[in-house]
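K.L.:
Before we start, here is the structure in question, set down as structure tokens.
The values are calculated or read from the model by the stated rules, or taken from the named source; none is laboratory data. Please read these numbers as outputs of a predicted model, since none were measured by experiment. Virtual Cβ from ideal backbone geometry, glycine too; neighbours counted across all protein chains shown. Quick note on the areas: whole protein, heavy atoms, side chains included, nothing else; ligands and nucleic acids left out. Shrake-Rupley method; radii C 1.70, N 1.55, O 1.52, S 1.80 Å.
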Amino acid sequence: MKNTWNISTKAIHAGKGIDPNGALVSPLSQSATFVFDSVEQGGARFSGDEQGYIYTRLGNPTTTELETKIAALEGAEDAAATASGMAAVSSALLANLAQGDHVIASRTVYGCCFSLLTHQFERFGIEASFVDFTDVEKIQAAIKPNTKVMFCETPVNPHLEVYDLAAIAKLAKQNGITSIVDNTFMTPILQRPLEFGIDMVVHSATKYLNGHGDVVAGIVCGNKEIMTKVKYEIIKDIGGIISPHDAWLILRGMKTLDVRVQRHCDNAEQVAEFLESHPKVAKVYYPGLQSHQGNTYIGKQMLRAGGVMAFELKADLQSSMNFVNSLELFSIAVSLGDAESLIQHPASMTHSPYTEEARAEAGITDSLIRISVGLENVTDIIADLETGLVSL
């Protein structure tokens, strides 16, 4: 029965055990370490001859429930929870890379991913190339004998470009390369990359999975072999673990994941249509619009377009900043997926680690605005945007 449950049911029930005290809500195991019945049992746990918990950096019941739930939603054999989305990205990459290896990444990635792949990995002899992932031939041309990983977000931040996951997975497998996709914007409710042949999925659980803006966390998903390496080599030794309390908060948030994601989509679709028709807006980047490159993937690769979009104003840098500052309902913040509608200016915020040349190559202009459409009444959201646009 559990294997046939709808994903919205899995979001509530997957991974949940029966509490010996009969609690409906899973208890929080807020403990750093775990007690053994004897030295012999402790030795058996450390040797792997007996299953059980030792120390929360190596595993915790609350964390395990979260990992089991996410794995079920993504269709993965296993998952690992981490201290942040960037801890998830770095853990997935480090589990597959060594000195002298090469990574192919999409031409636009989250600013800190760009910094990790360039400023940090470069110090350890790992090379990164940034390629237009809408063109599989360009990815093919970038492959080198030492290429070990293909990494991308889709839809990509902030232009919401959509990439062909099946084509990327096929190319990666043909060349013995591990494919990793950041699925934060979509969540497994709207898109499940492993179903298209992708090897690993990462999430910033800070965003939609938690959904309430009070946790920083990440998730890595994959097969049992690679996830064992992620958990017991990378995370164990580097230490980017999630706290049990944060894992418990995400478990609570995920009970409403499907309901929240659908409302985000409902609101965003109406906001995108409003913006596209407004004379002060030059262009809207949202896959839910027929004018967007990613629209052909709706209903095939991704069920809906999500709650994030970007748009270009017919304005200069200062006027664009004034527009953001003028809004009342929107909060100026660089996250997404919260109940509140959020707005940010990528050139000066999330993509500020890029050089001016790299920003130009990635299409991060001075007038580009990104919004995460929240759960408020959509009439109020549109009215706030209209007031700001009128002032331009």
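K.L.:
Compute the distance in nm between two label points, each set 7 Å from the Cα along the Cα-to-Cβ direction, one at SER352 and one at LEU317.
P.N.:
In this crude spin-label approximation the distance works out to 1.3 nm.
K.L.:
At a 1.4 Å probe radius, carbon and sulfur cover how many percent of the accessible area of the chain?
P.N.:
52 percent
K.L.:
Separate question: Quick one: accessible surface of THR296, probe radius 1.4 Å, all protein chains present, in square angstrom to the nearest 10.
P.N.:
90 Å²
K.L.:
Take the alpha carbon atoms of the range 321-373, find their center, do the same for the range 112-153, and report the distance between the two centers in whole angstrom.
P.N.:
Value for the Cα centre distance between the two parts: 24 Å.
K.L.:
Given axes a ≥ b ≥ c from the Cα gyration tensor, I'd like to know whether the range 83-241 is rounded (a/c under 1.5), prolate (a/b larger than b/c) or oblate.
P.N.:
Taking the square roots of the gyration eigenvalues as a ≥ b ≥ c, the range 83-241 is rounded.
K.L.:
While we're looking at this one, here's another question. What FRET efficiency would be calculated for the residue pair GLU225, ALA44, taking the C-beta separation as r and a Förster radius of 30 Å, to the nearest 0.05?
P.N.:
Given R0 = 30 Å and the Cβ-Cβ separation, E is 0.80.
K.L.:
Could you tell me which residue out of GLN51, ILE12, THR33 lies farthest along the dipole of the range 1-94 toward its positive end? Charges go on the beta carbon: Lys and Arg +1, Asp and Glu -1, centred on the Cα centre.
P.N.:
Going by the Cα projections, it comes out as ILE12.
K.L.:
Does a label point 7 Å from the Cα of HIS13, set along Cα-to-beta-carbon, have any residues of the range 54-70 with amide nitrogen under 19 Å, and which are they?
P.N.:
It comes to 65-70, nothing else.
K.L.:
Per the Debye formula with a single identical scatterer at each Cα and no solvent contribution, what log10 I(q)/I(0) holds for the range 248-300 at q = 0.13, 0.19, 0.26, 0.29 Å⁻¹?
P.N.:
Values returned for q = 0.13, 0.19, 0.26, 0.29 Å⁻¹ are -0.45, -0.74, -0.98, -1.09.
K.L.:
Can I ask one more? Report, please, the projected area of the range 273-390 averaged over directions, based on the convex hull of its C-alpha atoms, in nm².
P.N.:
If you wrap the Cα atoms of the range 273-390 in a convex hull and average its projections, you get 7.5 nm².
K.L.:
While we're here: Please identify which residues in the range 225-264 have an amide N closer than 20 Å to a label point set 7 Å out from the Cα of SER31, following the Cα→Cβ vector.
P.N.:
Answer for this model: 241-249.
K.L.:
Averaged per residue, what accessible area in Å² does the range 230-347 show with a 1.4 Å probe, protein chains only?
P.N.:
Accessible area per residue, the range 230-347: 43 Å².
K.L.:
Give me the accessible area per residue for the range 1-72, probe 1.4 Å, as a whole number in Å².
P.N.:
Value returned for the range 1-72: 64 Å² of accessible area per residue.
K.L.:
Please compute the net charge surrounding ALA315, taking Lys and Arg as +1 and Asp and Glu as -1 over other residues with Cβ under 10 Å from its Cβ.
P.N.:
Net of charged neighbours comes to -1.
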